[in-house]
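The values are calculated or read from the model by the stated rules, or taken from the named source; none is laboratory data. Keep in mind that what you see is a predicted model, and the values were worked out from it rather than measured. Here Cβ is always computed from backbone atoms with ideal geometry, including for glycine, and neighbour counts include all displayed protein chains. We work out accessible area using only protein heavy atoms, side chains counted, and drop any ligands, DNA or RNA first. Shrake-Rupley method; radii C 1.70, N 1.55, O 1.52, S 1.80 Å.
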Amino acid sequence: MLTVGLTGGIGAGKSEVSRLLVACGAVLIDADRIAREVVAPGTPGLAAVVEAFGEDVLAPDGSLDRPRLGSIVFADPDKLAALNAIVHPLVGARSRALETAAPDDAVVVHDVPLLTENGLAPLYDLVIVVDARPETQLDRLVRLRGMTEDDAHARMAAQATREKRREIADIVIDNDVPLPELEQRVREVWADLVSRASTRRAPGRRSGQE
């Protein structure tokens, strides 16, 4: 098994890269999706979030009002840290269980938005960073996700810098390119991952950067 940490700044296009890797044959473990599952109605995770932030973060149907919670935590580092302290251990436990269930010869891609911020790079055999210019990120967040510029800037500022992400990258995928070029780059990366998986002898991160 080869374990890959996939990360990138908000709006960089990491989800598109993960979709392309799955199409190639990767086993995907999506931290964002798991983060939603562990705070679903009736879970201990949601109860802990409500205890920490109050019932105002609940939607009328009893589910978590994620935009409301996001507007609170991304404007206050202490509140963001408090939320992470609740959610991250739950996400980590579920991710480990899913990895254990994957086939022995799988390339397992962990899609982790805050991989850099939380110092998680050593957990994986290698790290892929999806990179885009801040101007590109801002445009995608406003134009495609409907955020205000202030919200988009706040969410970008709450994450690691572009330079910090690139520092922990073994492979960088540039997503300031048209989709056909991105697809070609992902195919090249996939061929590299398959080669690594087939020749790998022992666990542990490799050194070096591409």
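Here is how the number arises for the chain: DSSP H runs of 4 or more residues each give -39500 (n - 2.57), the sum is divided by the residue count, and the result at 222 nm is -16000 deg cm²/dmol. Of the beta bridges in the chain, as assigned by DSSP with both residues counted there, near 5 percent are antiparallel. Here the gap between Val177 and Asp56, fully extended at 0.36 nm per residue and compared with their Cα-Cα distance, gives a gain of 39.5 nm. Label-to-label distance, Ala23 versus Ser195, with points set 7 angstrom from Cα along the beta-carbon direction: 2.3 nm.
What percentage of the solvent-accessible surface of the chain, computed with a 1.4 Å probe over protein heavy atoms, is contributed by carbon and sulfur atoms? Answer for the chain is 53 percent, counting heavy atoms of protein chains only.
State whether segment 93-210 is rounded, prolate or oblate according to the following rule on the C-alpha gyration tensor (a ≥ b ≥ c being the square roots of its eigenvalues): a/c under 1.5 gives rounded; otherwise a/b larger than b/c gives prolate, and the remaining case gives oblate. Note, shape of segment 93-210 comes out prolate. A 1.4 Å probe over all protein chains sorts Glu163, Glu51, Glu37, Glu99 by accessible area into Glu51, Glu163, Glu37, Glu99, starting with the largest. Size descriptors for segment 37-171, from the alpha-carbon set: Rg then Dmax equal 16.6, 46 Å.
Put Val38, Val189, Val22 in order of accessible area, highest first, and with a 1.4 Å probe you get Val22, Val38, Val189.
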